[in-house]
Amino acid sequence: RRSAGPAAAEEDRGLSRSELGLAVCMATLRLPLVRYPSVLFPGSAVTLSSSPLAAAISAALRYDSRIAVLGPVGRIAVELRLVCDQHLSDKPSGVVHGLTGDRRRLHSLAEGGEGGASISNFEPVDDDPMLSPAREERVHDEAQRARDLLERGVEQRAFSLEPSHLDDELGLGPLCDPRCHPLWQSDESPPAEAAALSFWLAGRLPLATSLRASCLASTCPLKRLCEVNDAMRLLLCNDPARFRHRLRLQVETPASDGCHGIGIGGSATPRTIVAEAPPSYAWVADNSFPHG
C-alpha cells in the first residue's frame, strides 16, 4: 500500500495526468474546419456548394481528403470525406461530392491555419452502449415504429423527405441535381440499423435547425428515435396539444427579399416544419408575469 504522504500524492497525480494527456492526444484528431449553414448527419451522400468550402478543400488533400463540417449551432461536427474520383468528369463546376462519416466534437482551434483554412482539434463522439437487453428491445421497437410512421407519412404526403443540405433557406445559390452524386441511389432508402435510421430521418424530415442540432449531439439512439417519431406523429395528426410541451408546428413562408431556394424543383411555397416548443410558465394569478 502506498504512503499517503505529499510526495506519493504528487506522484499519483502526475501519473494520472500523464495517462489522461496520452489518452486525449491519441483520441484527438486534426482536421480542416468549415462552418456550414445547415446540420449534416453521418452516413449521407451530400453535394455541396464549393464556395464556402474552398480553403478547407485545398487543405483536405493533406488530411486524407477529409474535413469537419460544423453546423450553425453547437460544437458537434460531422467528418466529411470528399469524393475525389477521376471518373467524375461529368460533375458540374462549383459543387463538391462527399460522404459524411463519424461525429466529432470541437475540442480546440489549432495554432495557425493552412492556406486560409482553420485547422482544429476534434474528439470522437460515440453513442452510449446498450446496458441491457430490455433497452435494446425498446430501440428495436422504436425503430419499427419509425418505419411504420415513415410509410404512412409518405403515403399520405404529410411530409417530404429532403436532405438537410438542400434546405431552401440556405441561400447558397442553385446546385446541381443531387442525383448526380455517385452514391445517391444507395442513400435513398432508409437504413436497417436503428442508430443509422435515426440520423437518416433527422436529416430528411422537415425539422428546425435547433432540433436537428439536438439530434446530432444526442448519444442515445432511443432518444433520437423518439424525437423523430414524435415529429412524424405531429406532422401526421396535426394535433399540437399532444406535443405542446416539447414540439410545435411552424409554417415558414418564402422570403420577400429576392432569395431563391436551392431545393429540388426550386419550389418557393410555404412549408411546415417541426420546431422545439417555447418554454412554458406556471401562471399563479391573472396579473402575474413569467419574469416577475
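In table form, for the structure just shown:
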quantity: Hits in segment 141-168 (condition: under 16 Å from Trp200 (Cβ atoms) and at pLDDT 90 or above); calculated: Glu142, Ala143, Gln144, Arg145, Ala146, Arg147, Asp148, Leu149, Leu150, Glu151, Gly153, Val154
quantity: Those residues of segment 53-75 which are out of contact with any strand residue (DSSP E or B) (no Cβ under 6 Å at 6 or more places or on another chain) and open to solvent by less than 30 Å² (accessible area, probe 1.4 Å), in sequence order; calculated: Gly71
quantity: Of all residues in segment 104-120 being crowded, with 19+ Cβ neighbours inside 10 Å and of a type outside the set (Ser, Thr, Tyr), the one that is modelled with the highest pLDDT; calculated: Arg104
quantity: Within segment 26-52, considering residues that are out of contact with any helix residue (DSSP H, G or I) (no Cβ under 8 Å at 6 or more places or on another chain) and open to solvent by less than 50 Å² (accessible area, probe 1.4 Å), the one modelled with the highest pLDDT; calculated: Leu29
quantity: Contacts under 7 angstrom Cβ, first residue in segment 242-258 being under 10 Å from Ala208 (Cα atoms) and of a type in the set (Gly, Ala, Ser), partner part of a loop (DSSP other than H, G, I, E, B) and modelled with pLDDT of 80 or more, 6 or more apart; calculated: none
quantity: Complete set of residues in segment 136-160 that are among the basic types (Lys, Arg) and assigned to a helix (DSSP H, G or I); calculated: Arg138, Arg145, Arg147, Arg152
quantity: Only listed residue being farther than 24 Å from Ser189 by Cβ, in a helix (DSSP H, G or I) and either touching an Asp or Glu at 6+ places or on another chain (Cβ under 7 Å) or modelled with pLDDT under 70 (or both), chosen from Ala23, Ala55, Ala68; calculated: Ala23
quantity: Residue under evaluation Arg233, criteria (1) touching a residue at least 40 places away in the same chain (Cβ under 8 Å); (2) open to solvent by less than 30 Å² (accessible area, probe 1.4 Å); (3) over 27 Å from Arg104 (Cα atoms), criterion not met; calculated: (2)
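The values are calculated or read from the model by the stated rules, or taken from the named source; none is laboratory data. As the structure is a prediction and not an experimental result, all values here were calculated from the model. Neighbour counts run over all protein chains shown; Cβ positions are idealised from the backbone, glycine included. To get the accessible areas, we keep the full protein, side chains included, count just its heavy atoms, and leave off ligands, DNA and RNA. Shrake-Rupley method; radii C 1.70, N 1.55, O 1.52, S 1.80 Å.
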